[in-house]
Every structure is written in structure tokens, then in C-alpha cells.
Amino acid sequence: MSKFPFVIFILNLLLISSMNVNAVGFSVGGALTVEAETGFDAKNRARESHEKGITEEERLSITWAVNPAPPFFILEGKYRAQGICDALINQLKPTMSDVKHETVVMPQSRVNLHTEENENLCFPCVIQREHNTTWRFSDVTTLYPPLGIIALPKTIEPFLDENRRVSLKALVKSNKLTFAQPISRKYPDALQVLVDSLKQTPRYAPIAGTEATTRVLRQLEYGRVDFTLEYPSILKYFTLTEGDSKLQFYYTSELGEEKIPGAVGCTNNAWGKEAIDRINAALDEVVNSPVYRASQEFWQN
């Protein structure tokens, strides 16, 4: 037996044992999915709140925004609910048992819009940045490998340096290669300026829609585009679900191999401050739990 099915089997057992049972409802057109508490969960939480002297009206309510972006959130298929961010939410909910939780599925563009409009919500997987007015960040939840180039080796080999890294600037300046980008993806400033320089040229291919990251990799395999900027875990998910792939991940000269701190982000207002304070109080237990550590090891290594 290969190690991947075995690890996934263990993850399934751990995740299922730790998850609350949820009722799932769909809005008209299937645009929005909401996980709500079952009657059993609600009664347990009400009892716990009563024991702590907290009324139902006083209970903090957190709306978790998620979107179909595997392997961060996996909404269907073999690895359903076993994504990097799924594991975090699934552990935070029972640990924060005196908080009411609701999960809403929406595209990343809508997540950004709601937080910019100061609507109360939390997103479990954001990059912790020093200068940001939209999000209030939790303590660090994980360290992500940096973004890198994903492409076929024959495309990248001519551009590799002595450390087998590739310069995004060199790829852009070659004037021969087409760059594909999930339309909602944002990059660090040093890379974003290079990507922006391609946007008004025929060598820029924005990809929209559900699971755009996976669709970009399919376009690379078909030879319709030449390279993209992504995390290595996305290539791992693609290989696990689509089968063997010739695509490879390469570190960039611009970012190197320095890891990036991840965090929970909540709307930057008074509600967000309270939500983050409560999340931080639970994080030490969550990030050291066997379920969360197994998930991180599987996707990030």
C-alpha cells in the first residue's frame, strides 16, 4: 500500500472523530452553502453557555467564510473536508464550544468585498502581513512554503540558475511564455508588479470560476499556457486527484525558500478584535492537536 492512501485513511479517522455533525442547506441557485448547528449541538452549546452565565444573545457568533480552493478548502471528492484550512476550522469549532459558528461558502472576491465593507466574518487561511487595514490577524497558525513557479521542466530548464531557482523577471522578459493566473489570486508586491506588466499583453491568461487553481494546472498540462505562480501543496493536490503529472514546482529567485506565516483573518473592527482574541485563546491547543499536525504534515511536506 502506498503511503498516501494510508495517511489519508488516518486523517479521515481523526477528522471524522473531531468534527461536529452539521446540517447543510443551499440557497437558491446553489450560490451559497451554510453549515448550521444541529439541534443536538445547539442544546449542548446553550447548556454550556448557561453554566457560564452567558445568554444566547450574548454569545459571540463567528461566520467562517470558505471557498472551493483545494487543497486549502476541499468541498467534494475523495479528500472532502480534509483541506489545510478545513482542518483548522474543524478543530477550532469544538475547542471554542461557547461560540456559535456558521460556515458560508463564497468566492474569494466576495470574501474580500464583505471584509472591505466591514461585514463581520473570519477567513481561516490568510497570509499574515505587517501592513493591512482590512484584516485583523490571529497568532501564526502555520508556515507556508513560498509561492513558486509551476511549469513543465522543458519550459523552465533554460531559465534555471545554479541553485535551480528561476527568476520570474526573466520569464516575463523572455516575451515568449504565457502566464496563467487564477483571477482572484494576489501576489507579494515584488511579484505582483511583474505579473501586472503582462496584463495588457497576449501572454497573460486569467482563469476564473470554481477551483481556478486546478484549472490552471490542467491548462499547463495541455500546453495552452506556459507557467503560473502557486504553492507546492496545490501541485500535490493536483497530482493526487488527477494522477501522475510532469509538472514541477520551482522556487523563485525573488522569494527564495523563506516560509510565510499564515493566520486566521477576521474583519478589522471591534467584533473582529473579540473574535481574534477568542481564536488566539484556542489556537495553542488546536495547532498542537494530532489532527491538525497530521493535516499540515500531509499537505505541506
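The values are calculated or read from the model by the stated rules, or taken from the named source; none is laboratory data. Predicted, not measured: the structure shown is a model, and the values here were computed from it. So basically every Cβ, Gly included, is an ideal-geometry build from the backbone, and we count neighbours across all protein chains shown. To get the accessible areas, we keep the full protein, side chains included, count just its heavy atoms, and leave off ligands, DNA and RNA. Shrake-Rupley method; radii C 1.70, N 1.55, O 1.52, S 1.80 Å.
Counting only the heavy atoms of the protein chains, how much of LYS236 is accessible to a 1.4 Å probe, in Å² to the nearest 10?
LYS236 exposes around 40 Å² with every protein chain in place.
Residue-wise, which Karplus ³J(HN,Hα) couplings in Hz belong to the stretch 68-78, taking 6.51 cos²θ - 1.76 cosθ + 1.60, θ = phi - 60°, and x for glycine or proline?
Per residue, the Karplus-derived 3J(HN,Hα) values read x, 9, x, x, 6, 10, 10, 9, 7, x, 4 Hz.
Using a 10 Å cut-off on Cβ atoms, rank the peptides 278-284, 224-230, 214-220 from the highest mean neighbour count down.
Details: 278-284: 17.1, 224-230: 21.9, 214-220: 19.9.
The peptides rank, most packed first, as 224-230, 214-220, 278-284.
Taking the stretch 153-228, how many lysine pairs are there with alpha carbons less than 19 Å apart, if each pair must be eight or more places apart or span two chains?
Final tally of qualifying lysine pairs is 8.
For a quick check: with amide H placed at 1.01 Å from N, whose amide H comes under 5 Å from THR178's, ignoring anything fewer than 5 positions away on the same chain?
ASP226, PHE227
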